[in-house]
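This report concerns only the one structure given below.
The values are calculated or read from the model by the stated rules, or taken from the named source; none is laboratory data. Please read all numbers here as calculations on a predicted model, not as lab measurements. Cβ coordinates were reconstructed from backbone atoms using ideal geometry, including for glycine residues, and neighbour counts include every protein chain displayed. Side chains are part of the model used for accessible areas, which takes the heavy atoms of the whole protein and leaves out ligands, DNA and RNA. Shrake-Rupley method; radii C 1.70, N 1.55, O 1.52, S 1.80 Å.
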Amino acid sequence: MSSKKQSFFIIFVSLFFLFSFLELNKANPSVFVTPSPPSSIVSGGYWKLLQSSIGISAMHVQLLPNNKVIIFDRTDFGPSNLSLPYGTYCPGSDCTAHSVLYDVDSNTLLPLRLVTDTFCSSGSLDHDGTLVQTGGFAQGDHLIRTFTPCDSYDDCNWNELNQTRLVDRRWYATNQVLPDGRIIILGGRRVFTYEFYPKDDFLNNNKSTYLQFLVETRDPDENNLYPFLHLLPDGNLFIFANKKSILFDYRKSIVLKQFPLIPGDDKRNYPSTGSSILLPLRLSSTGPPVVEVLVCGGAPAGAFLKADKMKVYVEASRTCGRLRVNDPEPQWLMEFMPMPRVMPDMVLLPTGDVIIINGAANGTAGWEDAVNPVLNPVLYSVNEEPDRRFTVLSPSKIPRLYHSVAMLLPVGSILVGGSNPHTSYVYTGLYPTELSLEAYNPYYLDLKFNSIRPSIISVESSGSSVLYGQRFGIAFSLSLYKQGEAFAALISPPFTTHSFGMNQRMVALKTASVVQLTMFEYKLQVYGPINANVAPPGYYMLFVVHSGIPSHAVWVKVT
């Protein structure tokens with residue numbers, strides 16, 4: 001683009017943002033809205049194709065604490081492009097895999113057999129690192145499945161709990177691990193309840209409980225499926241659906257607070273799919289952590305019916321809303337993204353910033369309901385000034401629309417896969433079914449940062465576990481140490497589907513000291529999370545971040 005054309009483009013877009021800013025503030029005078037000017041594309045970060053085809057489309061993904069990723073789509077798509085091993089029992093005529101185990105370290109695949117339909121389901125890791133996967137479609141909508149970390153095909157199997165079933169069908173539901181290790185499963189299509197796993201008659205949780213909020217947030221397009229669910233440090237749940245959000249005490253089934261409506265006309269949940277993330281919890285000696293939720297993307301009211309019935313694809317949402325939920329009187333701070341986006345994935349980086357990735361500029365989630373893929377990720381710099389938070393990053397060449405995923409890997413890169421806006425595997429047309437896996441490598445993986453990149457040598461904790469509130473040491477090596485610029489962070493591995501990373505959270509640990517051991521070796525002394533409200537029990541990726549550059553992660557168990 002010539003400098004004259006570029007200047008004209010920047011002026012035009014700036015005027016657009018100013019007009020939008022004035023209109024939104026006029027409609028919501030009590031809410032401060034920050035117009036973010038367009039950002040230039042930066043050269044930092046690069047894409048790498050990992051697999052041209054894994055045989056299935058990555059609709060659901062979960063990173064396991066052995067550096068393997070369980071990937072699956074649905075069983076009623078028809079035959080996939082990956083056969084099951086010879087001799088595998090195949091009910092019916094389909095003897096292809098609809099699930100794979102991807103080895104991050106070796107970049108290899110293991111096909112797995114799924115029995116019942118996992119279409120649009122949910123999941124969480126339990127405290128021992130086993131995937132507890134819930135619901136799905138048709139004969140799978142009441143089922144609970146588990147998958148335990150494993151290495152060989154003989155040991156790697158899905159386990160369906162036929163003796164323990166969900167009380168209500170869970171299709172488009174959301175899961176969240178709780179401080180006591182239980183999992184809450186909330187919502188779903190035309191289901192206005194929540195329930196818990198494990199089931200236990202003694203605990204009186206072998207039932208479901210009605211939640212009026214789920215009824216109130218359903219509109220003619222639905223727009224309340226896959227509700228956003230975040231566990232807060234006070235032990236309560238932040239629940240967001242459509243445009244509404246509440247503070248919910250799940251123990252007493254009481255709504256403690258109704259937060260203000262997120263401003264504007266845009267809806268944020270499936271099928272007007274946006275995304276949400278709990279911003280990093282930073283522990284220190286100065287007081288409790290600031291607790292903020294970020295919601296980005298979505299589509300205007302009525303967009304789904306226009307796309308699905310008329311094939312009219314309206315522009316997606318351009319806004320993000322940021323809410324400090326532990327303020328006495330919380331108000332949404334609205335910000336403009338550099339481009340509209342529906343079906344975005346939001347991924348927490350070890351630095352504490354957020355990558356917004358995947359999605360489309362027009363339409364909604366659903367079959368053939370979106371056009372104009374957004375190929376550029378965007379970096380959201382959490383602690384920057386509001387007008388400098390968004391940076392447009394280098395684009396992928398592969399559209400990632402409905403049923404695509406993104407998740408953080410222990411090396412600090414982002415695994416990206418999926419995209420199938422069709423009712424079966426379709427390999428022709430403008431947006432064919434996408435079977436590839438690729439990685440987006442953020443700027444901090446550039447080799448020029450090697451001199452300030454820490455490398456974890458060992459973790460000195462109690463029996464390889466991180467204990468709540470207890471001090472422990474992390475030995476790391478580093479060529480060039482900068483005083484006062486190192487911290488440790490825990491990041492949970494989310495279950496990711498439909499643009500939402502369930503259970504995703506980052507906890508920046510309180511630092512006690514940093515001591516030098518040798519010329520290039522140091523020990524970072526930190527304290528474990530305060531309690532299970534801040535970090536529920538289970539496996540986390542532990543990163544050391546120095547001068548804005550993270551190490552590769554090691555796995556630790558918080559208990």
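How much FRET efficiency would the formula 1/(1 + (r/R0)^6) give for K252 and E460, where r is the Cβ-Cβ distance and R0 is 51 Å, rounded to 0.05?
Computed FRET efficiency for K252 and E460: 0.80.
I need the shape label for the stretch 453-558. Rule: rounded when a/c is under 1.5, else prolate if a/b > b/c, else oblate, with a, b, c from the alpha carbon gyration tensor.
Prolate, since a/c reaches 1.5 and a/b exceeds b/c.
Given a 1.4 angstrom probe, I'd like the percentage of the accessible area of the stretch 379-432 that is carbon and sulfur, rounded to a whole number.
Looking at the stretch 379-432 in its full context, I get 55 percent from C and S.
Give me the 1.4 Å probe accessible area per residue for the chain, excluding ligands and nucleic acids, in Å².
38
Please sort 115-122, 399-406 by packing, taking for each peptide the average over its residues of neighbouring beta carbons within 10 angstrom, highest first.
399-406, 115-122
Between S381 and S284, what is the label-point separation in nm under the 7 Å Cα-to-beta-carbon projection?
1.9
Provide the convex hull volume over Cα atoms per residue for the chain, in Å³.
Per-residue hull volume (Cα only) is 156 Å³.
Quick one: which of K510/K557; K68/K267; K48/K244; K48/K68; K68/K257; K68/K306 span more than 29 angstrom between C-alpha atoms?
Violating the 29 Å limit, Cα to Cα: K68/K267; K48/K244; K68/K257; K68/K306.
Measure out, as a whole number of angstrom, how far apart the alpha-carbon centroids of the stretch 527-541 and the stretch 64-85 sit.
Taking the Cα centre of each part, the stretch 527-541 and the stretch 64-85 sit 30 Å apart.
Taking 0.36 nm per intervening residue step and subtracting the Cα-Cα distance, what contour gain separates L447 from Q525 on full extension?
Taking L447 through Q525 to full extension adds about 25.3 nm, to one decimal.
Could you give each residue of the stretch 464-470 its phi-based ³J(HN,Hα) in whole Hz, using Karplus coefficients 6.51, -1.76, 1.60 with θ = phi - 60°, and x for Gly or Pro?
Each residue of the stretch 464-470 in turn: 6, 10, 9, 9, 4, x, 8 Hz.
Please identify the cysteines of the chain that lack any partner cysteine with a Cβ under 4.7 Å from their own Cβ.
C120
If I stretch the segment between M310 and T148 completely, what's the gain in nm (0.36 nm per residue apart, minus their alpha carbon distance), one decimal?
Here the segment from M310 to T148 would lengthen by 53.9 nm.
How far apart, in nanometres, would the label points at Q470 and S83 be if each is projected 7 angstrom from Cα along the Cα-to-Cβ direction?
Computed distance between label sites Q470 and S83 equals 5.2 nm.
Can you give me the distance in nm between label points at K482 and R388, each placed 7 Å from the Cα along the Cα-to-Cβ direction?
For K482 paired with R388, the spin-label model returns 1.5 nm.
Please list the non-local residues whose amide H lies under 5 Å from the amide H of T319, H modeled 1.01 Å from N, same-chain partners needing a gap of 5 or more.
Here the answer is G297, M337, since their amide H atoms fall under 5 Å of that of T319.
For a quick protection proxy, order the peptides 460-466, 367-373 by their average other-Cβ count within 10 Å, most packed first.
Descending mean neighbour count gives 367-373, 460-466.
Under the Karplus relation 6.51 cos²θ - 1.76 cosθ + 1.60, θ = phi - 60°, what is the ordered set of whole-Hz ³J(HN,Hα) values for the stretch 279-284, x standing for Gly and Pro?
After applying 6.51 cos²θ - 1.76 cosθ + 1.60, I find 5, x, 8, 9, 8, 8 Hz.
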